[in-house]
1. Can you tell me which residue within the range 140-178, out of those that are aromatic (F, W, Y) and within 22 Å of F53 (Cα to Cα), is surrounded by the most Cβ atoms within 10 Å (Cβ to Cβ)?
2. Which pairs do you get when a residue that is more than 15 Å from P29 (Cα to Cα), found in the range 72-84, comes within reach of a residue that is open to solvent by 60 Å² or more (accessible area, probe 1.4 Å) and modelled with pLDDT of 95 or more, reach meaning Cβ atoms under 9 angstrom, with the pair 6+ apart or on two chains?
3. Please specify each residue of the range 107-122 satisfying the condition of being surrounded by 15 or more Cβ atoms within 10 Å (Cβ to Cβ) and either modelled with pLDDT of 95 or more or farther than 30 Å from G61 by Cβ (or both).
4. Out of N47, N39, N131, I need the residue that is over 17 Å from H173 (Cα atoms), surrounded by 14 or more Cβ atoms within 10 Å (Cβ to Cβ) and either of a type outside the set (A, V, I, L, M, F, W, C) or free of Cβ contacts under 8 Å to residues at least 24 places away in the same chain (or both). Which one?
Amino acid sequence: MKLYVINLDLYPERFFRLNEIFAQQGLTPRRIRALDMKNISDTDYKNLTRKSFWPERMTRGEIACFLSHRTALQQLAEEQEAYGAVFEDDVILSNNAHLFLKNYFWIPSGVDLVKLETQGKKVWLGHSIKNVNNFSLGRLKSSHILAAAYIVSKKSALYLIKKMEDVCAPFDHFLFNLDYGIANKLKIYQLDPAIARQSNVRSTLEYERAQYRDERKKKRTMMGILQREFCRLGRRSYIGLRGIKINCFSEDKWKKIDFDSNPG
């Protein structure tokens, strides 16, 4: 199975770090040159986001990230293998990652995507399929954002590329958020425990997002803050009740996906 690492020219050390980690597990990744947000002009920004349905203003970093993943998917779609894996360069890998990255024969027939990463929050998993060394696979039935590590079929990559002509939402939401993308049109499975997680290093994209959030906070009124907190409380209560219902009245699971940090 081909492995692709999205990496900015500005941070070659990140690719070297990840390449060394892959090599220790007998794996060889291919570098995908990421698009620098500085190369997105005002005209490009307007044209690319003309069909955006994201509720906030898309940042140039989010656009660059979206287009960089599209480049990786285009490369993957040109290969002969049925599946390939895509990684962002700040990802941390489990020592057991090689069990799932040397081939794709363990993936059930018809699966479009396998999410290898965890956000550390609870998600809704369908009936689990036991796999290798106490790992399992479950159909992902809820949103589970972040897109630093995932396996995608060649067929699904071709489908995604067609849907990515316009930057409609941040890529992780486009791919894994049921409300803002195409997750409900794909057969997505979650590896449990996860073999990847994002590091604590703040990326260029995260820095830009933080700046934008700070700007929005300055503009908020007291009424706006209260409305936001009230909605957040209601949403958390609903999610909590839904989790209890899932665990008590079905074979599915509402659970936190842990990161596999055990030695390989």
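The values are calculated or read from the model by the stated rules, or taken from the named source; none is laboratory data. Worth saying up front: this structure is predicted, and the values here are computed from it rather than measured. Every residue, glycine as well, gets a Cβ built from its backbone with ideal geometry; the counts of neighbours run over all protein chains shown. Just so you know, the surface numbers come from the protein's heavy atoms only, side chains and all, with ligands and any DNA or RNA stripped out. Shrake-Rupley method; radii C 1.70, N 1.55, O 1.52, S 1.80 Å.
1. Restricting to residues being aromatic (F, W, Y) and within 22 Å of F53 (Cα to Cα), the top hit is F176.
2. A77/K155; A77/L158; A82/K155
3. Answer for the range 107-122, where residues must be surrounded by 15 or more Cβ atoms within 10 Å (Cβ to Cβ) and either modelled with pLDDT of 95 or more or farther than 30 Å from G61 by Cβ (or both): I107, V111, D112, L113, V114, K115, L116, E117, T118.
4. The unique qualifying residue is N131.
The rows are residues; the columns are (1) closer than 23 Å to L116 by Cβ; (2) hydroxyl-bearing (S, T, Y); (3) surrounded by 16 or more Cβ atoms within 10 Å (Cβ to Cβ).
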site: V5; (1), (2), (3): yes, no, yes
site: Q24; (1), (2), (3): yes, no, no
site: K51; (1), (2), (3): no, no, no
site: T59; (1), (2), (3): no, yes, yes
site: L67; (1), (2), (3): yes, no, yes
site: A77; (1), (2), (3): yes, no, yes
site: E81; (1), (2), (3): yes, no, no
